[in-house]
1. By how many degrees, between 0 and 90 and to the nearest 10, does the Cα long axis of helix 160-169 differ from the longest principal axis of the chain?
2. Among 15, 195, 103, which one shows the highest mean-square fluctuation when the chain is modelled as a Gaussian network with alpha-carbon springs under 10 Å?
3. Cut-off is 10 Å between beta-carbons; in what order do 1, 109 appear when sorted fewest neighbours first?
4. In degrees between 0 and 90, to the nearest 10, how far off the longest principal axis of the chain does helix 48-63 point, with axes built from Cα atoms?
5. Considering the convex hull of the alpha carbon atoms of the range 94-191, report its projected area averaged over all viewing directions, in nm², one decimal.
6. What is the angle, in °, between the Cα long axis of helix 71-82 and the longest principal axis of the Cα atoms in the chain? Nearest 10 is fine, range 0 to 90.
7. Which residue fluctuates most in the GNM of the chain (Cα springs below 10 Å): 217, 190, 143?
8. Can you tell which of 163, 89, 202 shows the greatest fluctuation in a Gaussian network model of the chain with Cα springs below 10 Å?
Ligand code: BJW
């Protein structure tokens with residue numbers, strides 16, 4: 001590969017073939033729930049039971065035997081192992097399928113489904129099962145202090161400094177399975193382009209920011225990603 005520094009942004013589309021719903025498809029998560037109700041701090045404050053149940057359901061699905069990494073996740077893990085230069089995956093997904101496939105250099109910019117966070121101390125806790133609003137937080141002993149470790153609308157995504165630093169020095173940027181509707185992630189291609197990187201979109205269909213990419217490959221992530229890294 002004629003590249004030294006690669007940044008790969010992944011979105012819900014890469015996990016779709018693993019059985020995890022995307023957000024904006026006709027049968028997507030936002031068809032079943034109003035975004036404002038389950039993915040904003042205001043929604044959580046108004047109805048914490050609804051929000052905890054929404055994430056409990058998604059956690060149960062992620063932990064079920066039916067959900068496994070697919071060929072696209074495995075191809076990226078293989079690329080990381082075999083690539084001589086630096087490779088960073090920035091995922092918007094809160095599932096752990098990249099880790100399960102073997103990727104190590106990974107930033108979860110929108111958080112992680114299998115962690116909770118104390119709203120007062122920011123201490124993180126791994127979780128395996130359901131969380132109830134009545135559960136006590138270990139660090140402060142308060143009920144209702146634990147919230148999903150996810151980034152909701154209006155909140156700052158995680159590790160932004162690390163991400164922008166990588167974007168400023170990368171020579172290839174690839175976005176996989178993301179609709180390009182949510183910022184700041186949708187703006188990463190522009191930043192990478194300014195840095196002089198080649199930019200490639202891999203998606204089922206043109207994204208909202210498709211015109212910003214220099215290359216496009218449209219199809220299933222499980223076919224296009226292994227083909228790219230072969
Ligand atoms: C396949 C496939 C297959 C299917 N193979 N492909 C106006 C302008 C600009 C910004 C704003 C604005 N007004 C408000 C904002 C900011 C706001 C925002 O972007 N709003 C927009 C709606 C306009 N953003 C924020 O609030 C963010 N914070 C922020 O901006 O802080 C301030 C800041 C300032 C300066 C610098 C930095 C920050 C926070 C955003 C948090 C998003 N949170 C969620 C929920 C996370 C937890 C959870 O999972 O529940 O993150 S929302 C949801 O959308 C989730 C996703 O990560 C995110 C992106 O979705 P994604 O991955 O693109 O999924 P889909 O469903 O949209 O698309 C899937 C794609 O895959 C489709 O295109 C399919 O075709 C494709 N596909 N199957 C290949 N098999």
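Since every read-out is calculated from the coordinates, none of them should be taken as a lab result. Since this is a predicted model, take the numbers as computed values, not measurements. Note that we place each Cβ from the backbone using ideal geometry, even for glycine, and neighbour counts take in every protein chain shown.
1. Value to nearest ten degrees: 0.
2. Result: 195 has the largest fluctuation of those listed.
3. So the ranking, lowest neighbour count to highest, is 1, 109.
4. 50
5. Over all viewing directions, the range 94-191 projects a mean Cα-hull area of 7.7 nm².
6. 70
7. Top of the fluctuation ranking is 143.
8. Maximum fluctuation in the GNM of the chain, among the listed residues, is at 163.
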